[in-house]
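One structure is given below, encoded as structure tokens.
The values are calculated or read from the model by the stated rules, or taken from the named source; none is laboratory data. Values in this document were obtained by computation on a predicted structure and should not be read as measured data. Backbone-built Cβ (ideal geometry, glycine too); neighbour counts: all protein chains shown.
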Ligand SMILES: Cc1cc2nc3c(=O)[nH]c(=O)nc-3n(C[C@H](O)[C@H](O)[C@H](O)COP(=O)(O)OP(=O)(O)OC[C@H]3O[C@@H](n4cnc5c(N)ncnc54)[C@H](O)[C@@H]3O)c2cc1C
């Protein structure tokens with residue numbers, strides 16, 4: 001597949017692969033053990049050229065295709081999907097600023113985001129729910145030229161350390177989704193309270209947590225997307241996000257399969273290599289089949305987006321299938337490794353937690369089924 005990408009994209013994918021192997025993989029167990037984000041956050045990823053992926057060349061970015069973006073994320077997720085997801089969120093926000101930001105926002109934010117000095121976060125989900133995004137209740141009320149924010153956000157990636165928040169807020173509840181706007185707000189603005197990050201099954205490297213907005217006054221120039229446009233943009237980007245999650249699951253499955261294969265070929269039981277037991281061979285062959293199918297689906301969705309075609313169903317199929325395949329397949333690889341598979345000496349435990357997490361982010365498995373059922377039933381309306 002990489003042969004279909006341009007030379008610059010292939011160089012980026014190789015850089016992501018090397019960065020995952022040499023930089024993320026050695027440090028990821030420690031981040032999880034200490035339950036922290038890296039001290040230098042994404043600065044080393046920025047040095048490796050992995051920021052600005054979706055930013056136009058005019059604004060100094062890489063402007064890669066969706067296929068290349070997904071390949072980069074697949075490579076990074078071989079080492080740690082949590083770290084990769086922090087980069088996805090950051091890159092998506094940079095892309096949104098490049099596409100929709102004012103000249104002042106582009107000038108102020110893209111430079112420090114490119115170097116990793118400023119870390120971005122995406123604030124849509126609220127404590128009362130994430131699936132029904134149009135029902136958010138965080139309010140943006142007019143205050144002279146500017147706005148006052150009140151409300152709460154939950155389950156925000158990078159909440160522990162983010163400097164720049166893209167906040168989705170309702171400007172007029174009577175308008176429903178048409179009232180939702182997006183604001184670019186510095187995290188140290190008075191009136192913003194950063195909650196303690198959550199204790200979760202894994203992926204602590206994401207520093208996931210919440211924010212409260214208590215009479216937080218922001219200027220008119222903070223608006224990134226006008227009422228209605230904010231919600232539409234979030235929904236427009238969702239297919240890309242789902243294709244990326246599917247690709248990231250492929251990275252974790254590949255890493256788990258490679259780890260399990262090396263293990264079963266290096267250990268003996270009952271006088272032969274574990275890898276010579278046909279039962280284990282077939283378990284791993286099933287994982288390989290699911291990985292192959294997941295990759296085809298993930299990159300089918302990415303290719304449709306690159307071709308300007310609708311990818312709504314392709315992305316929903318890919319995300320649903322790949323997240324299920326990853327959860328089951330990683331567990332199967334752990335099983336083939338006996339108790340060692342359960343240990344943090346190997347990356348599979350981290351991958352397993354991230355595979356579960358993948359079933360929530362960018363639309364739950366059930367929401368993929370809502371999307372797919374709607375498409376199935378449409379001809380019968
Ligand atoms: C680690 C992590 C990082 C995240 N990062 C971010 C982030 O950076 N920014 C952000 O805004 N959000 C983020 N999220 C939130 C994520 O997008 C939400 O978890 C997701 O949208 C689901 O919302 P919810 O958890 O509130 O579940 P709910 O919406 O409350 O759903 C609960 C259950 O009901 C099911 N359900 C809901 N509606 C339907 C329906 N119509 N039909 C059938 N079943 C339904 C759901 O599938 C789920 O099983 C993150 C979540 C996690 C776990």
Selection over the stretch 107-131 where residues are within 6 Å of the ligand (Cβ to nearest atom) and surrounded by fewer than 22 Cβ atoms within 10 Å (Cβ to Cβ) yields a count of 5
Conditions: (1) touching a strand residue (DSSP E or B) at 6+ places or on another chain (Cβ under 8 Å); (2) part of a helix (DSSP H, G or I). Residue 178 meets all but one. Number of the miss? (1)
I'm trying to understand the selection: among the residues of the stretch 317-336, which are more than 19 Å from residue 356 (Cβ to Cβ) and crowded, with 22+ Cβ neighbours inside 10 Å? 336
Cβ-Cβ below 8 Å, separation at least six or inter-chain, first residue in the stretch 205-232 and on the phi > 0 side of the Ramachandran plot, second part of a loop (DSSP other than H, G, I, E, B) and more than 16 Å from the ligand (Cβ to nearest atom): which pairs? 215/191
Scanning the stretch 224-258 for residues that are surrounded by 23 or more Cβ atoms within 10 Å (Cβ to Cβ) and in contact with a strand residue (DSSP E or B) (Cβ under 7 Å, 6 or more places away or on another chain), which turns out modelled with the highest pLDDT? 224
Considering only the stretch 184-205, I want to know if a residue exists there that is assigned to a strand (DSSP E or B) and surrounded by 22 or more Cβ atoms within 10 Å (Cβ to Cβ). yes
Please state which one of 350, 295, 374 is closer than 14 Å to residue 249 by Cβ, modelled with pLDDT of 95 or more, part of a helix (DSSP H, G or I) and within 16 Å of the ligand (Cβ to nearest atom). 350
Given 169, 152, 159, which one is in a loop (DSSP other than H, G, I, E, B) and within 15 Å of the ligand (Cβ to nearest atom)? 159
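Name the single residue, out of those in the stretch 132-149 being in a loop (DSSP other than H, G, I, E, B) and within 12 Å of the ligand (Cβ to nearest atom), that is farthest from the chain's Cα centre (by Cα).
Result: 138.
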When you go through 93, 110, 76, 87 one by one, which is the residue that is at pLDDT 95 or above, within 14 Å of the chain's Cα centre (by Cα), within 14 Å of residue 184 (Cβ to Cβ) and part of a helix (DSSP H, G or I)? 93
